[in-house]
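Here the structure comes first, spelled out in structure tokens, and everything after it is commentary.
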Amino acid sequence: MIIKAKPIPMFFVRLGIGPLLWFYRRRFNKMIINDIDIKAGHSYILMCNHFGFLDGFFAYYLCFKLIKKQQKLKHIYTMSVKKQMEKNWWLKYSGSFSVEPGKRSVAESLDYAASLLNEPGNLLIYYPQGNLESAYIRHIEFKDGIYEIVTRTKGNCQLIWGSVLLEYFESTKQSVYFNLLDCGTNHDFDFEQLKENVNAHHLQSIKKNIRFTDE
């Protein structure tokens with residue numbers, strides 16, 4: 001049996017996460033987001049490359065600095081390993097629900113994720129790679145989880161990809177570049193095309209950040 005999320009209202013999430021966003025924001029020189037259109041009346045899957053401890057901060061930063069500014073968000077959800085949720089009881093109140101890779105309950109977790117995305121205004125933060133890898137790898141390997149979630153979702157859901165890259169350049173602090181891609185909706189979903197588009201976008205994002213050197 002999975003542990004289901006019991007998220008607190010978004011007002012209190014913003015109240016609690018605000019100081020953390022402010023604290024971590026001070027660690028960086030600048031944070032640049034390339035804007036995309038957020039579709040009204042949809043739920044959202046925010047997919048990002050998975051490369052470090054601050055991935056959650058970067059995802060929440062995008063939620064509040066981009067998505068929430070264009071469309072109202074009801075709740076933000078994440079999928080967490082069940083063992084971690086059992087150790088940290090408070091995670092379910094932050095929007096986490098459990099998954100046990102390799103167990104029968106995985107299907108229940110995927111169905112639950114899809115049921116959340118059937119409701120407009122809900123957002124799921126998701127890392128399709130499933131493992132931590134360098135932000136500068138040349139190929140993003142997608143696990144099947146995102147396919148299973150999207151094909152189970154019956155409502156209107158927008159898929160968003162973010163290639164998050166960090167550079168120092170002229171500063172002693174790193175700058176963060178959020179290279180976003182609108183990946184369409186669950187109704188025009190094509191898994192192979194998604195992987196192709198994301199990987200082309202990720203490579204282009206790296207090339208854009210390199211500045212002068214051609215690879």
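The values are calculated or read from the model by the stated rules, or taken from the named source; none is laboratory data. Everything numeric in this text was worked out from a predicted model, so none of it was measured. FYI the Cβ positions are ideal-geometry reconstructions off the backbone, even for glycines, and counts take in every protein chain you see. These area figures cover heavy atoms from the full protein model, side chains too; ligands, DNA and RNA do not enter into them. Shrake-Rupley method; radii C 1.70, N 1.55, O 1.52, S 1.80 Å.
What to note about this one:
- Against the criterion of being over 22 Å from Ile140 (Cα atoms), open to solvent by less than 60 Å² (accessible area, probe 1.4 Å) and part of a loop (DSSP other than H, G, I, E, B), Gly41 qualifies.
- Residue match in region 69-84 (condition: in a helix (DSSP H, G or I), open to solvent by less than 40 Å² (accessible area, probe 1.4 Å), touching a helix residue (DSSP H, G or I) at 6+ places or on another chain (Cβ under 6 Å) and in contact (Cβ under 8 Å) with a residue 40 or more places away in the chain): no
- Region 25-38 residues that are among the charged types (D, E, K, R), paired with ones that are loosely packed, with under 15 Cβ neighbours inside 10 Å and not in a loop (DSSP other than H, G, I, E, B) (beta carbon under 7 Å, 6 or more apart): Asp37/Asp182
- So Asn186, is it within 17 Å of the chain's Cα centre (by Cα), among the polar types (S, T, N, Q) and over 30 Å from Lys74 (Cβ atoms): no
- Filtered residues of region 105-128 (kept if under 19 Å from Lys72 (Cα atoms), open to solvent by 40 Å² or more (accessible area, probe 1.4 Å) and in a helix (DSSP H, G or I)): Ser115
- Filter result for the condition that a residue is open to solvent by 10 Å² or more (accessible area, probe 1.4 Å) and part of a helix (DSSP H, G or I), over Phe57, Phe53: Phe57
- Total residues in region 3-38 satisfying the condition of being part of a strand (DSSP E or B) and exposed (fewer than 15 other Cβ atoms within 10 Å of the Cβ): the figure is 1.
- Single residue of Gly184, Gly162 found to be in contact with a Phe, Trp or Tyr (Cβ under 8 Å, 6 or more places away or on another chain) and of a type outside the set (Asp, Glu): Gly162
- The lone exception for Ala200 - which of (1) out of contact with any helix residue (DSSP H, G or I) (no Cβ under 8 Å at 6 or more places or on another chain); (2) part of a loop (DSSP other than H, G, I, E, B); (3) among the small types (Gly, Ala, Ser); (4) open to solvent by 30 Å² or more (accessible area, probe 1.4 Å) it fails: (2)
- Among the residues making up region 138-166, those that are open to solvent by 40 Å² or more (accessible area, probe 1.4 Å) and either touching a residue at least 60 places away in the same chain (Cβ under 8 Å) or among the basic types (Lys, Arg) (or both) are Arg138, His139, Lys143, Arg152, Lys154, Asn156.
- Residue check, Leu91 assigned to a helix (DSSP H, G or I), of a type in the set (A, V, I, L, M, F, W, C), out of contact with any Gly (no Cβ under 9 Å at 6 or more places or on another chain) and crowded, with 18+ Cβ neighbours inside 10 Å: yes
- Of the candidates Ser105, Ser134, Ser96, the single residue that is touching a residue at least 24 places away in the same chain (Cβ under 8 Å) and more than 27 Å from His202 (Cβ to Cβ) is Ser105.
- Scanning region 167-181 for residues that are acidic (Asp, Glu) and open to solvent by 60 Å² or more (accessible area, probe 1.4 Å) yields a count of 1.
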